[in-house]
């Protein structure tokens, strides 16, 4: 069965390179490309596709949506195409956000060509396709749940790393400041630290956040 693919990435060279690679597989047809999240959503809504090959982070000059936003929106539609993330980012926060948004697969851009082609076919069939490094991370989280942060705790930690105050984080996540403080308290306990700065530093060292 031919897999009809939409390639969504803000870098022209990446789009061209991926398109050239996919063109070597007679069972893959590229039906559209997109350089912004909004273009990806529009194409996914108007073109008959089986899979969206999607970057996780788009440049700030495109629009306010991220690859996770695109994934969530696409997967919330009736009979949606599958979404395979192709990105440079492998932090727990990125992986969890994408999987929870509905991504079927998650690959890194340094994946071998044959791994990407295989993942496209797997994802199009609704089968999970994870890069080895990503699978290892998820397995580690399952084996050590007591030290794993929840998706919301990772959101709070990411925002803290960007220098946002409790009030700003609360506004961003649409929660109360008390909730933010509770999340931070849980984060400190799980990471074995006593301050926001130490939590951010430890999370970055361990690959939890960027």
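Its Cα gyration tensor gives the chain an equivalent ellipsoid, and the semi-axes of that ellipsoid, as √(5λ) in whole Å with the largest first, are 33, 18, 14. Over region 146-205, the pair-distance histogram of Cα-Cα distances with 5 Å bins from zero comes to 4, 22, 36, 26, 11, 2 percent, rounded to whole numbers. Here the contact order of region 107-210, divided by its residue count and restricted to Cα pairs under 8 Å and six or more residues apart, works out to 21 percent.
The helix-based estimate of mean residue ellipticity at 222 nm for the chain, built from -39,500 (n - 2.57) per DSSP H run of four or more residues and divided by its residue count, is -15500 deg cm²/dmol to the nearest 500.
Protection proxy ranking of 75-81, 14-20, by the mean of other Cβ atoms within 10 Å over each peptide's residues and highest first, is 14-20, 75-81. Per the Debye calculation on region 16-87 with a single equal scatterer at every Cα and no solvent contribution, log₁₀ I(q)/I(0) for q = 0.26, 0.28 Å⁻¹ amounts to -1.32, -1.45. GNM on the chain, alpha-carbon springs under 10 angstrom: the most fluctuating residue among 154, 51, 164 is 164.
Contact order for region 146-205, expressed relative to its length and based on alpha carbon pairs under 8 Å spaced 6+ residues apart, stands at 37 percent. For helix 37-46, what angle does its Cα long axis make with the longest principal axis of the chain, in degrees from 0 to 90 and rounded to 10? That helix lies at roughly 50 degrees to the long axis. Running a GNM on the chain with Cα contacts under 10 Å, which residue among 84, 96, 21 ends up with the highest mean-square fluctuation? Per the Cα network of the chain with a 10 Å cutoff, 21 tops the list.
GNM on the chain, alpha-carbon springs under 10 angstrom: the most fluctuating residue among 90, 155, 27 is 27.
From the alpha carbon centroid of region 1-58 to that of region 69-134 is 13 Å.
Remark: region 88-174 projects, on average over all directions, an area of 6.7 nm² (convex hull of Cα atoms). Remark: relative contact order (the chain) = 15 percent; criterion is Cα-Cα distance under 8 angstrom and separation of 6 or more residues.
Bear in mind that the values in this text are calculations on the coordinates, not laboratory data. Note that the coordinates shown come from a computational prediction; the quantities given were computed from them, not determined experimentally. Using ideal geometry, Cβ is built from the backbone for each residue, glycine included, and neighbour counts are taken over all protein chains shown.
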